[in-house]
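Comments concern the structure below.
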Amino acid sequence: MNRRSFLIQTGSTITATSTLFSLNIDAATLSNLQTIQGAWLSQQQWQTLAVVQEHLFPSESDAPGAKEIQATHYLNVMLTHPKSDATERDLIKNGIVQIDKIAQDSYSKYFTLLSTEQREAVLRHLETEKSGKQWIRLLLEYIFEALLSDPIYGGNPNGIGWKWLAHQPGFPAPPKNKRYYLL
Amino acid sequence: MSYDFDVCVIGSGAGGGPVAFTLAKAGYSVLVLEKGPWLTEKDFFKDELACCRRNIYTSNLREEPHVVEMETDEGGWTSQSTYQSGWNFWNGNCVGGSSNFMSGFFHRLKPVDFKLRTVFGSIEGADVADWPISYADLEPYYDKVEREIGVSGRLISHPHAEPRSRQDFPYPPTAEHPISKYIDEACGQMDLHSIPMPRAILPYSALERQGCSYNGYCGSYACATGAKGSSRAALLDRAVATGFCQIRPNAMVSRIISDQTGKITAVEYYDKNGQRQLVDAKIVVIACQAIETARLLLNSPGPKHQNGLANNNHLVGKNLLFAGGGAGSGRLPYAKFSPAKAAELRQFAGPFVNRSIQDWYIIDDPTFGVRQKGGTIDFVHLHPNPIARATRQIRGRSGLLWGKPLKEKVKAHFLEGIYLKIEAFCDWLPIPDCYVTLDPSVKDKWGLPVARIRVGFHVRNLQVGWYLAERGAEVLKQMGAENVISFAAGAPPTNLVAGGCRFGNDPKTSVLNANCRAHEVENLYITDGSFMPTGGSVPYTWTIYANAFRVAENIVEQLGGNK
Ligand SMILES: Cc1cc2nc3c(=O)[nH]c(=O)nc-3n(C[C@H](O)[C@H](O)[C@H](O)COP(=O)(O)OP(=O)(O)OC[C@H]3O[C@@H](n4cnc5c(N)ncnc54)[C@H](O)[C@@H]3O)c2cc1C
Ligand code: SF4
């Protein structure tokens, strides 16, 4: 059992709030992420990323969002597994830096502290640049992977994404020791 | 002189399997060299990331790219490495090759396909040639494929049905989705012939393989039951069981060495550890799939073959073919049908669609032009891959979609109806601007020049592709489909490739003779789709298998018959 599921099962996850950042991922997830990936993003960057993902794929009462499908955790798995490459981590990181820069330039605030409308404006602004558009597209693709890939990869817990879309996956399903990056 | 093996087969896919199987059964020693790993049923799972998004069953594009030349709007050519474009021309690199991953939609060619030039005359800008053999020569081997690979289907009579030596298929059709009967109905109303499409899939256990489990993820995925007629499951496992066939996986053949007389003396390959190895055999058979076969020949010059093996006439790599043309789709919205019918349509798309029409295999329509070669329209399920389907919804009318509008669109796509796809196959014309050469600068991880592929197309492909796709779309509309689209594309479908070493009787205009032996090299045969001067208006694999069986019998004969 990994640390995260241990914390969840024992009910010891805490949702930290701070005055500085509106925390959108819980502190336990955050510390877990940072131990896995050797802090390739700062704490604040993780928050920005999580908030961007939730903006791109919001939770609804009858449909899972980025949070429920563990999009942030999934992205981290994909960017830190044994065959992942540093250039993609840099790519993701650069986008986050961009986002915060646009937020600062336009509103003198961190992206995480903006209203939904302001977040939308920042992302639409980013979209006007070719590289920005590619970055958003990449995040959306990872979100859909987190929604619809096999749960062995860290997203789609209990097939929540498949259930939402009434999708029946093919079989046999891959076992954990056959995750593609271990082959 | 003694040789390591009687026959060395390079490449273990649909072109290589029948040779290894036939020769080993006849008692000859066979070595199969395959660049990829040897995976079996127990290694195969339905993992969209592994198969289709990270492409772990094909060579790594960073280490082994192709370079593709495309025509620009101005009529010039621009080239790009597939590592940059992500456009993958590898189709499956493991024992059994791409045949592990095929959908197994199987069609024979028809008698007319063997003599297009004679029947329809020449076409400007294309180099159409008759085959040196006829349908009757190949028919026994189509029949053999039905039995050895296991082809399931049901015969109906229709105007373009090809002659058969046996009454019906050895295996009844695979299970069908309820949508198939609605295709039949619509075709009936339109006076078209809805043909049950033959499949290289076993509906039940036979040939020491399990029957199909209708698991929903078939095409692009390797088969965990063995029901799919891959070269590995259907042929190589049995070849190895004879004791006469050895398979060496992770063996990348880099060069074929020939002597002063032009004959092959050895095959050079790199083993799993990157060590260079040599092996010799009386006869060498290449089946690396059209593009890599041409590349290997071009990478193998010798004293008598300055321009590459069997290439003194500069024909190797020329007249490359793809099976494609048009496509389309439509959606049957559940809300439009009675609850009972909607419930049928909602059923799990594990069972297949299995329908084709060939009423326009020859187009005799004055509004379209002179009587000419048309093609086949296949009806198939939308590819099930959910991540790919969801990802396609990202693009909005103006810019990217995200947030709730994206979620709504994805939800509607998955939940409000069933999609039906059409794939239309014209006769992809051989033209001077579709060929393989070596790239002058880009090399793979072994330092070998990579294939440079020019992918021009004849405008006739587009015209016929549009025509066929529109006919297919009419059937979809008749069924009550909405959002019906149909189109043709000039871009080649990279998984359906042939040509490049056409066979013929004249050494000046062909690389191979009628038995697929190189005119210039007495101990070299080529048995993948490279031999085809024209492709027929269908996917090629049944024909590749059949021809490889035919050539294999020739090789047995050349070696002195069954041992
Ligand atoms: C997703 C998909 C769906 C398809 N669906 C259909 C279908 O429905 N109907 C149909 O008719 N066809 C279909 N096909 C096409 C079919 O798979 C091919 O036509 C067929 O496998 C071609 O046989 P081949 O022997 O030419 O090549 P392959 O089967 O690809 O075999 C070539 C082998 O040679 C190996 N090789 C290459 N270079 C070297 C080298 N230098 N040294 C050693 N080994 C080498 C490769 O690794 C490969 O294993 C499909 C293909 C794909 C990918
Ligand atoms: S659907 Fe049938 S033939 Fe296709 S992969 Fe699954 S078991 Fe094999």
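The values are calculated or read from the model by the stated rules, or taken from the named source; none is laboratory data. Note that this is a predicted model, so its numbers are computed, not measured. Here the Cβ is made from the backbone with ideal geometry for all residues, glycine too, and neighbour counts use every protein chain on show. Protein only, heavy atoms only, side chains kept; ligands, DNA and RNA dropped before computing areas. Shrake-Rupley method; radii C 1.70, N 1.55, O 1.52, S 1.80 Å.
Can you put B:PHE348, B:PHE487 in order of accessible area, largest first, using a 1.4 Å probe?
Highest to lowest solvent-accessible surface, that is B:PHE487, B:PHE348.
Tell me the angle of helix B:541-558 to the major Cα principal axis of chain B, expressed in degrees between 0 and 90 and rounded to the nearest ten.
20
How high is the relative contact order of the range B:21-155, given as a whole-number percent (alpha carbon pairs under 8 Å, six or more residues apart)? Could the numbers behind the result be given before it?
On the way: 99 pairs, mean separation 22.4, N = 135.
After rounding, I find 17 percent.
With a 1.4 Å probe and all protein chains kept in place, how do B:GLU557, B:GLU185, B:GLU34, B:GLU423 rank by accessible area, largest first?
On the way: B:GLU557 135, B:GLU185 95, B:GLU34 15, B:GLU423 50 Å².
Highest to lowest solvent-accessible surface, that is B:GLU557, B:GLU185, B:GLU423, B:GLU34.
With label points built 7 Å along Cα→Cβ from the Cα atoms of B:HIS314 and B:GLU185, find their separation and express it in nm.
Each label point is offset 7 Å from its Cα along the Cβ direction, giving 6.0 nm.
Suppose R0 equals 56 Å; then what is the FRET efficiency for A:LEU183 and B:ARG154 from their Cβ-Cβ distance, rounded to the nearest 0.05?
Values: r = 39 Å, r/R0 = 0.70.
My answer for the efficiency is 0.90.
Quick one: net charge around B:GLY399, please, counting Lys, Arg +1 and Asp, Glu -1 for every other residue with C-beta under 13 Å from its C-beta.
On the way: positive: A:ARG124, A:LYS130, A:LYS133, A:ARG137, B:ARG395, B:ARG397; negative: A:GLU120, A:GLU127, A:GLU129.
Summing Lys/Arg as +1 and Asp/Glu as -1 gives +3.
May I ask you to give the solvent-accessible area per residue for chain B, in square angstrom, as obtained with a 1.4 angstrom probe? Please report the intermediate quantities before stating the final value.
Numbers: 20570 Å² over 563 residues.
Spelled out: the 1.4 Å probe surface of chain B, per residue, equals 37 Å².
Would you tally the net charge around A:PRO82, using a Cβ to Cβ cut-off of less than 15 Å, leaving A:PRO82 out, and scoring K and R as +1, D and E as -1?
Working: positive: A:LYS83, A:ARG89, A:LYS176, A:LYS178, A:ARG179, B:ARG54; negative: A:ASP85, A:GLU88.
Taking every other residue near A:PRO82 into account, the sum is +4.
At a cut-off of 10 Å², which residues of the range B:35-81 become less accessible once all protein chains are present than in their chain alone, using a 1.4 Å probe?
Flagged in the range B:35-81: B:ASP43, B:PHE45, B:LYS46, B:ASP47, B:LEU49, B:ALA50, B:ARG53, B:ARG54, B:ILE56, B:ARG62.
Please report the buried accessible area for the interface of B with A, total over both chains, probe 1.4 Å, in Å² to the nearest 100.
Values: alone 22360 and 10170 Å², together 29050 Å².
Approximately 3500 Å² gets buried when B meets A.
Taking accessible area as the heavy-atom solvent-accessible surface of the protein chains with a 1.4 Å probe, which residues of the range B:369-397 lose no less than 50 Å² upon going from the isolated chain to the full protein assembly?
With the partner chains in place, the range B:369-397 has these residues losing at least 50 Å²: B:ILE387, B:ILE394.
Dipole of the protein assembly as shown, Cα-centred, from +1 at each Lys and Arg C-beta and -1 at each Asp and Glu C-beta, to the nearest 20 debye?
Values: 76 positive and 73 negative charges, 247 e Å.
It comes to approximately 1180 debye.
With the full set of protein chains in place, find how many percent of the accessible area of the range B:142-205 is carbon and sulfur; take the probe as 1.4 Å.
Values: 1270 of 2630 Å².
Summing carbon and sulfur atoms, their accessible area is 48 percent of the total for the range B:142-205.
Give, rounded to the nearest 20 debye, the magnitude of the charge dipole that chain B has about its Cα centre when Lys and Arg contribute +1 at Cβ and Asp and Glu contribute -1 at Cβ.
On the way: 59 positive and 56 negative charges, 267 e Å.
Charge dipole, chain B, about its Cα centre: 1280 debye, nearest 20.
Considering only C-alpha atoms, what is the centroid distance from the range B:267-303 to the range B:391-422, in Å?
46
Could you state the angle between the C-alpha long axis of helix B:459-478 and the longest principal axis of the C-alpha atoms of chain B, as a value from 0 to 90 degrees rounded to the nearest 10?
Taking Cα atoms only, the helix is inclined about 40 degrees.
Compute the long axis of helix B:403-415 from its Cα atoms, compare it with the longest principal axis of the Cα atoms of chain B, and write down the angle in degrees, 0 to 90, nearest 10.
That works out to roughly 80 degrees.
Once neighbouring chains are kept in place and the probe is 1.4 Å, which whole percent of the accessible area of the range B:238-305 is contributed by carbon and sulfur? It would help to have the intermediate numbers written out before the result.
Working: 1280 of 2680 Å².
The C+S portion of the solvent-accessible surface of the range B:238-305 is 48 percent.
If you check each cysteine of the protein assembly as shown for another cysteine whose beta-carbon is under 4.7 Å away, which ones come up empty?
Within the protein assembly as shown, the cysteines lacking a partner Cβ under 4.7 Å are B:CYS8, B:CYS94, B:CYS187, B:CYS212, B:CYS218, B:CYS223, B:CYS245, B:CYS288, B:CYS426, B:CYS434, B:CYS501, B:CYS516.
Quick check: net charge around B:VAL442, other residues with Cβ under 11 Å of its Cβ, Lys/Arg +1 and Asp/Glu -1?
Details: positive: B:LYS443, B:ARG452; negative: B:GLU64, B:ASP439, B:ASP444.
Once positives and negatives cancel, what remains is -1.
Suppose a student asked you for the relative contact order of the range B:4-83, using Cα pairs under 8 Å spaced at least 6 residues apart; what percent would you report? Intermediate values should be presented prior to the final figure.
Values: 71 pairs, mean separation 16.0, N = 80.
Rounded, it is 20 percent for the range B:4-83.
Once phi is turned into θ = phi - 60°, what whole-Hz ³J(HN,Hα) does the Karplus curve with 6.51, -1.76 and 1.60 give for every residue of the range A:100-109, x standing for Gly and Pro?
5, 5, 4, 4, 5, 4, 8, 10, 6, 9
In deg cm²/dmol, rounded to 500, what helix-only [θ] at 222 nm does chain B give when every DSSP H run of at least 4 residues adds -39500 (n - 2.57) and the total is split over its residues?
Details: 12 runs with 118 residues, N = 563.
After summing the helix terms and dividing by the residues of chain B, the value is -6000 deg cm²/dmol.
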